[in-house]
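Asks: Sending over a structure as structure tokens; questions will come in a sec.
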Ligand code: DCP
Ligand code: MG
């Protein structure tokens, strides 16, 4: 065949943290389908299955072109039999029966609606679904006992399920900067999460805060929270204290990958002045936005930045790479070398990639 007819051989590394994954890619029609199956597997707490679908989707996100035939995929890593059959069906018929029936199932839709309530996890949602509940309104109607987070979750359900725009994230950034600088002028505030990776919308706004003088960041969070509360900017907040030093979980790996920084889960009240088209006047309105604040000591800042930038799959793959390929243990606090029996220090994300023997991947290409 002429060179143009030969499918180019694409060599793809098997860990997502070895690859560059841009935000915009060529295979959304396939990845969105695979991610429905991944989400459904999460709803039934089948983590292995969920990760398998997420890894498949992630491989397709890293491809430089749209997939046209199933043959193009034969040398790619991470594509299991199930994912391949779903992809094949979509390439041939335009849709996958399994994906469509999942999407339309009452179970899936109810789990999606209920886990969409802030403060509700899969276990709670599943119990409610088995009791016949389907939506946040059902929770109110049947008088379910809700904790404070869930009450806020129901109250601000619509706002919290309206994507946060980059513009809104920037307005929140200015507020958080102002609060933190008023309390500790030399503090450093970084926007992390999806917005650091270049996303245009997100489900929340994530910040990491530190101070160049180790220890100066201690007790900062309650002060930030008080400042914000005094200004009437918080609709809800729950602060969990730093528990890293007390943890008995061994070197770098707290259970369930949850880190142990001082962290504040909050809901901001964001004022929006809107032009009221009827009155031709400015009407004041506001909306609720989820904001996560994390405070890290300076010595852990590089690890915290890397750990909070995501994506979730990218983070998961970094930890898997560290453990399986390097005999190291990575968390948002530290990197431990199990062979040398020592912690590896780092003051930048680049240094952590170097310790791990990985090429540096910038945040905008961590959209695995
Ligand atoms: N994170 C993680 N594992 C978790 C929770 C968080 O690795 N269990 C890290 C990776 C995430 C980052 O923290 O990218 C922020 O978490 P979010 O849930 O806010 O995820 P994103 O900001 O990436 O996406 P979204 O746009 O939904 O907020
Ligand atoms: Mg986020």
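Please treat every number below as a calculation from the coordinates, not as lab data. Small disclaimer: the values here were computed from a predicted structure and weren't measured. Note that each Cβ is placed from the backbone with ideal geometry, even for glycine, and that neighbours are counted across all protein chains shown.
Asks: Assign one of three labels to the chain, namely rounded, prolate or oblate, based on the Cα gyration tensor with a ≥ b ≥ c the square roots of its eigenvalues; rounded applies when a/c is under 1.5, prolate when it is not and a/b is larger than b/c, and oblate otherwise. Walk me through the numbers on the way to the answer.
Replies: Details: a/c = 1.65, a/b = 1.17, b/c = 1.42.
Oblate.
Asks: Say we join alpha carbon atoms closer than 10 Å with springs in a Gaussian network model of the chain; which of 182, 125, 110 then has the biggest fluctuation?
Replies: The residue with the greatest mean-square fluctuation here is 182.
Asks: Return the tail of the calculated pair distribution for segment 84-178, meaning the percent of Cα-Cα pairs more than 24 Å apart. Mind showing how you got there, number by number?
Replies: Details: 1956 of 4465 pairs.
Cα-Cα pairs of segment 84-178 separated by over 24 Å account for 44 percent.
Asks: What distance in nm separates the two pseudo spin-label positions at residue 243 and residue 13, each 7 Å out from Cα along the beta-carbon direction?
Replies: Each label point lies 7 Å from its Cα, and together they span 3.5 nm.
Asks: Moving on. Let me check against my output: what whole-number percent is the relative contact order of segment 164-305, with C-alpha pairs under 8 Å and at least 6 apart?
Replies: Relative contact order comes out at 26 percent.
Asks: Separate question: Could you list 199, 312 so that the one with the fewest beta carbons within 10 Å of its beta carbon is first and the one with the most is last?
Replies: Final ranking by Cβ density, sparse to dense: 312, 199.
Asks: While we're here: Taking the chain as a Gaussian network, where each spring joins two C-alpha atoms under 10 Å apart, which residue of 88, 61, 274 fluctuates the most?
Replies: Between 88, 61, 274, it is 274 that shows the largest mean-square fluctuation.
Asks: Could you tell me the largest-minus-smallest coordinate of the C-alpha atoms of segment 280-325 on each of the three principal axes, in descending order and whole angstroms?
Replies: Principal-axis extents of segment 280-325 (Cα, largest first): 63, 25, 12 Å.
Asks: Continuing with this model, one more query. So, in nm, how far is label residue 81 from label residue 66 when the simple model puts each one 7 Å beyond its Cα toward the Cβ?
Replies: In this crude label model, residue 81 to residue 66 measures out at 3.1 nm.
Asks: Quantify how much of the Cα-Cα distance distribution of segment 90-134 extends past 15 Å, in percent.
Replies: 48
Asks: To the nearest 0.05, how large is the calculated FRET efficiency for residue 284 and residue 216 if R₀ is 45 Å and r is the Cβ-Cβ distance?
Replies: 0.75
Asks: Which order do 188, 87 fall in if you start with the one that has the fewest other Cβ atoms within 10 Å?
Replies: Going from sparsest to densest Cβ surroundings: 188, 87.
Asks: Please say if segment 126-239 is rounded, prolate or oblate, where rounded means a/c under 1.5 for a ≥ b ≥ c the square roots of the C-alpha gyration tensor eigenvalues, and otherwise the choice is prolate for a/b larger than b/c and oblate otherwise?
Replies: prolate
Asks: While we're looking at this one, here's another question. Using alpha-carbon positions, what is the distance between the centroids of segment 52-87 and segment 114-178, in Å?
Replies: Centre-to-centre (Cα) distance: 33 Å.
Asks: Same structure again: Could you identify which residue out of 237, 104, 155 has the top mean-square fluctuation in a GNM of the chain using Cα springs shorter than 10 Å?
Replies: Looking only at 237, 104, 155, the largest GNM fluctuation is found for 104.
Asks: Diagonalise the Cα gyration tensor of segment 276-368 and give the resulting equivalent ellipsoid semi-axes, square root of 5 times each eigenvalue, largest first, whole Å.
Replies: Rounded to whole Å, the semi-axes are 40, 14, 11.
Asks: Residue 106 label point, 7 Å along Cα→Cβ, cut-off 19 Å on backbone N: hits in segment 112-126?
Replies: Answer for segment 112-126: 112-115, 125-126.
Asks: Restricting to Cα atoms and excluding each atom paired with itself, what does the Kirkwood estimate give for segment 164-305 in Å? The partial results should precede the final answer.
Replies: Numbers: mean 1/r = 0.0614 Å⁻¹.
Here the Kirkwood hydrodynamic radius works out to 16.3 Å.
Asks: Below 8 Å, C-alpha to C-alpha, sequence gap of six or more: please give me the relative contact order for the chain in percent. Intermediate values should be presented prior to the final figure.
Replies: Numbers: 576 pairs, mean separation 62.0, N = 368.
Relative contact order of the chain: 17 percent.
Asks: Same structure again: For segment 106-155, what class follows from the C-alpha gyration tensor (a ≥ b ≥ c being the square roots of its eigenvalues): rounded when a/c is under 1.5, otherwise prolate if a/b is larger than b/c, else oblate?
Replies: The shape class here is prolate.
Asks: Expressed as a rounded percentage, what relative contact order does segment 310-365 have, with Cα pairs under 8 Å and six or more residues apart?
Replies: Once divided by the residue count of segment 310-365, the mean separation gives 17 percent.
Asks: Give me 333, 203 ranked fewest to most by other Cβ atoms within 10 Å of their Cβ, as a rough exposure proxy.
Replies: Lowest to highest Cβ neighbour count: 203, 333.
Asks: While we're here: Provide Rg and Dmax in Å for segment 3-102, with only Cα atoms included in the calculation.
Replies: Final numbers for Rg and Dmax: 13.3, 47 Å.
Asks: Let me ask something else. If each of residue 229 and residue 148 carries a label point 7 Å out from its Cα toward its Cβ, how far apart are those two points in nm?
Replies: According to this spin-label approximation, the distance is 0.8 nm.
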